[in-house]
Amino acid sequence: MTSETQTNRRAASIATLSLLTASGIALGIPLAMPAAQAQSTQTQGGASGGASPLPAVTVTAPEAQRRRNAPSAQRNTGAARSRRTQTVRQPETVPAPKPFAPSQDARTGTSGYFANSTSTATKSNTAIVNIPQSLNVITREQIRDQNYQGLTDVTRYVPGVAVHQGEGNRDELVIRGVDSSANFFVNGFRDDVQYFRDMYNAQSIEVLKGPSALTFGRGAGGGLLNRTLKEADGNRVYEATAQTGSWGDRRVTLDAGQAINENVAARLNVFYEGSDAFRDFNHLERYGINPTVTLKPDDNTKIKLSYEYFHDERTADRGNPSQSLPGGVTRFNPTTPFAPNGDFSTFFGSPSLNTAQATVQTGMAIIEHDFENGLTVRNGTIAADYKKFYQNVYPTNGPLAGAVNPADTAVNLGAYQHTTNRDNVFNQTDFIYKTWTGPVFHTVGFGTEFGRQTGVDIRNTGVFPNGTNTIVQNPFAPTYFGPVNFVHHFTGTNTDGVTTPDSNSRYALNVQSGYVRDTIEINRGVQLIVGARFDRFDMSATDMNTNRNRNRVDNLVSPQGAIIIKPTDAMSVYTAYSISYLPASGDQFSTLTDGTLILQPQRFENVELGMKWNINPKLLFSTAVYNLNRTNQPIADGNNPGFFFASGSTLTRGIEASLVGQVTAQWQSSLAYAYTDAKITSMTSTTVVPGNRVQLVPYNQFAWWNKYQFTPMWAAALGVIVFGDSFASSDDTVRLPSFVRFDAAVYARIDETWSAQLNVENIFDKGYWASADGNNNISPGQGRTFRVKATYRF
């Protein structure tokens, strides 16, 4: 064959390939050639006379146009498919289905215990290293691995957080020296009723510390806890678990979800748990169901719908009294809690009467839209109905206020019941706009919140068969098995010893809020954040005992500012300033009196200096030094009962540090340390005086949870909690000794379908005092507890 002929054939081959390439691009025909076939062709060409092979040709089809309208796109696809069938008679390659949406883990960069970003603090998905505030995220995997029974238990591994007893009927936390039962949120909505929450449908738990009014509104002076729920993100999940363990524990869960089509995804979370407890006569039963649906009318819009029914019923247990001392106890001569014969399981209540019941129904609708011009919007609405009732027989009353007498022969018990039903409706609208002004980049967040909360607060005091509100028991056999008559007292003059009227209030609260925040990126290494929020807090309450209605309006402005310096993309150093307010009606705002009508709101002012560093892509170190000043705390006016001076104050100074994530590919860690100096700086009562330490706050707090994956099948974890000594109340007369607790777990991944884990809480069966609600309601920590769980994925 002549050289001219070879040249002509090569030119013809290139022309033919070009024609096919053009046709393939127009018709969507894949032109990729198997590597072996290409090599064979080249080899054959080389053998035909030694000519060099054809040059490699790479064909890249243009990106498909984004789907604007699903039905239209389907019609166009059908028409094109018909034309292809007529033009090219060969098998069609069906493209892989388009993912419904990125998973929740993918959106936040979550891997194991590490989370890269969150929208909790700023209303937009922001890298944690760029958030100028102390923040801890507890991921779904860490929640699963630790497998604790209560929401507040997981916060033991968060620096600067202490667990409050909450009268044995609710979640309650002390964050940076500020106690609150109301600073709980779910998906960014206020979830402030007093009840115990479960984590069966939790995607993550975020603990944000310091005043956070700019994002969340009133209160949250020391910090808050938010639950981000699992959503229907279109990713396939089918997982069932069954658990058993100590104290007759039995728990089952189901998490099932997937994309139904390219426009709809659904998910269902269900659980049931029943258990006794290490405390005598205690029991627990709870269950919940949470279906969710996500709709995608187009690529720029999501509609998320959720409904939850949740019920929790358990024995209300206010713990043990303290031990009185001869001559009395003072802050200079404090006492300790009382455990009869060292037995932490003894119950100072009534097996038949002590109860805490909560039924919560919640509906949520969230719409998100991207305008594709730098502007996004999220509008969310929550409607929640809370039915809450609790009843307690507990140590109280008498000259010792419920403490065991010095001779160890008597302890006084009292009783009450309380109904605190509430209905919440909130609507939030949040805009995020990203734009440039010259060389400066702005992320501007602005929005509104409107809410209405209505409810009742009805309390009845228990009267014992002796005709009074107090019964005397033997402290070594304190459990009460007799009857109690619960009576409503309209006045403070009664023959049964009750000297104050029982609450009976119906209330309504209307909230209107607006905020703006600008994150100004001056250059790659410097960011400036400025913002403020306005809250109008309009409350009315009717005292049903006197049929008197009172009304109060607070207009509050809460500013926030911060400077972030970024030496590298993986590190930030920041300083921040923030203020929040708590109206005089308090956390639970259930009533108004002549005294609270004229009180100024409590004020929380925080200055913080911190640093965050992604040591590796999945390991975050955070530390912060802060100064939190709380003022305008009410002090009772001894000369004018029912009225107050707004002159009480506390000052909390501290340092916090945490290291969370993957140290190596096999080793995950969650380490936390806090030094907290929370002191009374102005008298808040005759016994709570300057220099006293704030209740339940230790100077030193350390926790470290480690999980190591030894083989693809086997892993193990070990945790330690070191909690310094603290006081049961801020009068500093009852000291809670420090304690060290060890927890452990073993994990087995049997195959792709089955896995199992064994958790042991308090492996050395250490007796310790875990929390309190005053000097004579002190809760012992749970003894050694085993939990075995099997997980089936299908």
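The values are calculated or read from the model by the stated rules, or taken from the named source; none is laboratory data. Just so you know, these numbers come straight off a predicted model, no measurement behind them. Neighbour counts are summed over all protein chains in view; Cβ atoms, including those assigned to glycine, are modelled from backbone coordinates with ideal geometry. Keep in mind that these areas ignore ligands, DNA and RNA; they rest on the heavy atoms of the full protein, side chains included. Shrake-Rupley method; radii C 1.70, N 1.55, O 1.52, S 1.80 Å.
Below is a table of values for the structure above.
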{"quantity": "Members of region 670-692 that are part of a strand (DSSP E or B) and not small (Gly, Ala, Ser)", "calculated": "671, 673, 675, 676, 677, 679, 680, 681"}
{"quantity": "Residue tally, condition touching a residue at least 24 places away in the same chain (Cβ under 8 Å) and open to solvent by less than 20 Å² (accessible area, probe 1.4 Å), over region 100-130", "calculated": "12"}
{"quantity": "Hits in region 251-290 - residues which are more than 18 Å from residue 347 (Cβ to Cβ), outside any strand (DSSP E or B) and hydrophobic (A, V, I, L, M, F, W, C)", "calculated": "none"}
{"quantity": "Residue check, residue 349 more than 27 Å from residue 739 (Cβ to Cβ), surrounded by 16 or more Cβ atoms within 10 Å (Cβ to Cβ), out of contact with any helix residue (DSSP H, G or I) (no Cβ under 7 Å at 6 or more places or on another chain) and not basic (Lys, Arg)", "calculated": "no"}
{"quantity": "Test: residue in region 620-642 that is touching a helix residue (DSSP H, G or I) at 6+ places or on another chain (Cβ under 7 Å), in contact (Cβ under 8 Å) with a residue 12 or more places away in the chain, aromatic (Phe, Trp, Tyr) and surrounded by fewer than 20 Cβ atoms within 10 Å (Cβ to Cβ)", "calculated": "no"}
{"quantity": "Verdict on residue 419 being open to solvent by 30 Å² or more (accessible area, probe 1.4 Å), modelled with pLDDT of 95 or more and over 30 Å from residue 341 (Cβ atoms)", "calculated": "yes"}
{"quantity": "Criterion: among the small types (Gly, Ala, Ser) and closer than 30 Å to residue 608 by Cα - qualifying residue of 451, 492, 497, 531", "calculated": "531"}
{"quantity": "Strands (runs of 3 or more DSSP E) wholly inside region 422-515 containing at least 3 residues that are modelled with pLDDT under 95 and open to solvent by 40 Å² or more (accessible area, probe 1.4 Å)", "calculated": "none"}
{"quantity": "Strands (runs of 3 or more DSSP E) fully within region 705-794 counting 2 or more residues that are at pLDDT 95 or above and under 19 Å from residue 404 (Cβ atoms)", "calculated": "769-772, 778-780"}
{"quantity": "Test set (1) out of contact with any strand residue (DSSP E or B) (no Cβ under 6 Å at 6 or more places or on another chain); (2) of a type in the set (S, T, N, Q); (3) surrounded by fewer than 15 Cβ atoms within 10 Å (Cβ to Cβ); (4) over 15 Å from residue 457 (Cα atoms) - residue 555 fails condition number", "calculated": "(1)"}
{"quantity": "Within region 732-759, tally of residues that are in contact with a Pro (Cβ under 9 Å, 6 or more places away or on another chain), open to solvent by less than 50 Å² (accessible area, probe 1.4 Å) and of a type outside the set (A, V, I, L, M, F, W, C)", "calculated": "2"}
{"quantity": "Any hit, region 302-322, residues being farther than 30 Å from residue 476 by Cα, among the charged types (D, E, K, R), open to solvent by less than 60 Å² (accessible area, probe 1.4 Å) and touching a Phe, Trp or Tyr at 6+ places or on another chain (Cβ under 6 Å)", "calculated": "yes"}
{"quantity": "Selection status of residue 696, open to solvent by less than 10 Å² (accessible area, probe 1.4 Å) and at pLDDT 95 or above", "calculated": "yes"}
{"quantity": "Criterion (free of Cβ contacts under 8 Å to residues at least 60 places away in the same chain, open to solvent by less than 20 Å² (accessible area, probe 1.4 Å) and either of a type in the set (Val, Ile, Thr) or in contact with a strand residue (DSSP E or B) (Cβ under 7 Å, 6 or more places away or on another chain) (or both)) met by exactly one of 671, 599, 651, 659", "calculated": "599"}
